[in-house]
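**Student:** Below is one structure. I have some questions about it.
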Amino acid sequence: IAMERAAAAEGERRSELARDEAMPARVALARAWENMMTRLLAVTDTPGGLGTVANLEQSSRTALQFVSGHDERLSEWLGGPLDEAAAVSTRYAGAPRIIVPTQRTVLDQGESVTLKVLVLDHEPPAEAALFWRSLGEESFQRRPLRHVARAVYEVVLPEVPAGGAEYHVHATTASGDELVWPATAPALNHTLVQKPRDKE
């Protein structure tokens, strides 16, 4: 509506409407987008949910210019570039959390699995590791997570013993907060068992 009002005006009046109505609306849209993405990432923990996040960023915001579609005309009416406040931040602003998108419970005998882990925070974690043990054992083996890109990490799971195994992921944020996945760890961990051999 603000852009329509400015487009219908001329000269100095158009510039005033662009500055006083359209530009504040554009900045508010940027903040609303950031808030939406923060809330979405606060609850997303599946491949499908992460796909929705990627689609919103790559298609809706970037390709379809949902936020920036009027920027060229608005910049022309203002006589210069938009304020820095109009930029959409891609920095995660929510509470730190760990996401494990694919949660396998059964593996074939001898199967090797690479676990993908997302550690979301506004800074990279100070440490992130997998803690693994065979069912019935008391102590965990520690394997550090390897950084892949941005907030994405991965680690290769050891071969599951015949009696099964359990694991959890632990991370320490840059500010010293302790994160675990699943939330019940280390008292209750994620369990993996071997798939029984097919009877011949």
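The values are calculated or read from the model by the stated rules, or taken from the named source; none is laboratory data. Being a predicted model, the structure only gives us computed values, none of them experimental. Glycine also receives a Cβ, built like all others from the backbone with ideal geometry; neighbour counts cover every protein chain displayed. Surface accessibility is based on the protein's heavy atoms, side chains included, excluding ligands, DNA and RNA. Shrake-Rupley method; radii C 1.70, N 1.55, O 1.52, S 1.80 Å.
**Student:** Residue check, Glu84 against (1) of a type in the set (D, E, K, R); (2) in contact (Cβ under 8 Å) with a residue 12 or more places away in the chain; (3) more than 30 Å from Leu115 (Cα to Cα), all met but one. Which one?
**Tutor:** The one condition Glu84 does not meet is (2).
**Student:** Being open to solvent by less than 70 Å² (accessible area, probe 1.4 Å) and either of a type in the set (D, E, K, R) or outside any helix (DSSP H, G or I) (or both): is that true of Glu76 here? Please lay out each step first, then the result.
**Tutor:** Details: open to solvent by less than 70 Å² (accessible area, probe 1.4 Å): no; either of a type in the set (D, E, K, R) or outside any helix (DSSP H, G or I) (or both): yes.
Answer is no for this residue.
**Student:** Okay, next question. Out of the residues in region 119-133 meeting the condition of being buried (at least 16 other Cβ atoms within 10 Å of the Cβ) and assigned to a strand (DSSP E or B), tell me which one is nearest to the chain's Cα centre (by Cα). Write out each step before concluding.
**Tutor:** Filtering region 119-133 for residues buried (at least 16 other Cβ atoms within 10 Å of the Cβ) gives 119-121, 125, 128-133.
Next, only the ones that are assigned to a strand (DSSP E or B) stay: 119-120, 128-133.
On the way: Val119: 8, Leu120: 6, Ala128: 16, Ala129: 18, Leu130: 19, Phe131: 22, Trp132: 25, Arg133: 28 Å.
Among residues in region 119-133 that are buried (at least 16 other Cβ atoms within 10 Å of the Cβ) and assigned to a strand (DSSP E or B), the one nearest to the chain's Cα centre (by Cα) is Leu120.
**Student:** Scan region 136-173 for residues that are surrounded by 13 or more Cβ atoms within 10 Å (Cβ to Cβ), of a type in the set (Gly, Ala, Ser) and farther than 23 Å from Gly110 by Cβ and jot them down.
**Tutor:** Ala151, Ala171
**Student:** Restricting to region 34-73, count the residues that are assigned to a helix (DSSP H, G or I), among the hydroxyl-bearing types (Ser, Thr, Tyr), open to solvent by 60 Å² or more (accessible area, probe 1.4 Å) and closer than 30 Å to Pro182 by Cβ.
**Tutor:** Kept after step one, since they are assigned to a helix (DSSP H, G or I), are these residues of region 34-73: 34-41, 47-63, 71-73.
This time we only want the ones that are among the hydroxyl-bearing types (Ser, Thr, Tyr), so: 38, 52, 59-60, 62.
From the residues that got through so far, the ones that are open to solvent by 60 Å² or more (accessible area, probe 1.4 Å) too are 52, 62.
Next, only the ones that are closer than 30 Å to Pro182 by Cβ stay: 52.
Looking only at that region, the number is 1.
**Student:** Might you let me know whether region 101-111 holds any residue that is touching a strand residue (DSSP E or B) at 6+ places or on another chain (Cβ under 6 Å), of a type in the set (S, T, N, Q) and at pLDDT below 95?
**Tutor:** The answer is yes, given that some residue of region 101-111 is touching a strand residue (DSSP E or B) at 6+ places or on another chain (Cβ under 6 Å), of a type in the set (S, T, N, Q) and at pLDDT below 95.
**Student:** Which of the residues spanning region 144-164 are at pLDDT below 95 and part of a strand (DSSP E or B)?
**Tutor:** Going through region 144-164, the residues at pLDDT below 95 turn out to be 149-151, 156-164.
Selection gives Ala149, Val156, Leu157.
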